[in-house]
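The structure under discussion appears below in the form of structure tokens.
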């Protein structure tokens with residue numbers, strides 16, 4: 001039991017560096033929190049989970065090798081930057097059109113964004129290929145192959161808690177925003193996404 005709690009503490013401390021770091025997923029989560037409410041954070045977390053669990057599993061069974069990292073990183077970086085540019089432009093267009101409505105119905109946008117912005121985020125992939133590998137190694141050493149599942153469960157709740165919390169705060173903030181300020185925030189966050197896309201390309 002002590003071993004389990006010790007590993008839980010290790011996962012929480014190390015995972016915080018990835019979960020709480022500002023990035024495309026965070027910016028998009030704020031956007032959807034403003035537009036679709038707190039439930040968007042859960043939807044985005046589910047999309048993120050669909051990418052993260054297979055990645056952890058593949059790393060755990062040794063699918064990725066260190067030698068393949070440069071090729072993987074280059075492809076993901078280019079696709080990720082392009083995806084961020086497209087996503088940002090679509091968001092800007094949605095709030096600048098004449099018939100823009102502040103009350104947007106809940107849809108599958110956050111879920112899709114959770115998948116795309118995770119799968120095409122090179123920093124997310126590299127985090128698991130570097131820092132995350134420490135956790136994967138520890139989990140397998142301590143608990144065998146089932147350790148991968150234990151690691152995932154200890155880690156993923158933080159993603160759900162963080163994304164839901166941010167979406168909740170964003171949703172509440174909308175009540176105090178005028179339509180003009182709401183548009184400015186969405187445009188500002190879209191510019192942030194474009195910045196991340198450019199920064200991805202500069203890492204090549």
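The values are calculated or read from the model by the stated rules, or taken from the named source; none is laboratory data. In this text, all values refer to a predicted model and were calculated from it rather than measured experimentally. Here Cβ is always computed from backbone atoms with ideal geometry, including for glycine, and neighbour counts include all displayed protein chains.
For the stretch 97-115, the set of residues classified as modelled with pLDDT of 80 or more and surrounded by fewer than 21 Cβ atoms within 10 Å (Cβ to Cβ) consists of 111, 112, 115, listed by residue number.
For the stretch 182-204, residues that are within 15 Å of residue 33 (Cβ to Cβ) and without any contact (Cβ under 8 Å) to a residue 12 or more places away in the chain total 1.
Condition check for residue 176 on (1) within 17 Å of residue 36 (Cα to Cα); (2) part of a helix (DSSP H, G or I): one failure, at (2).
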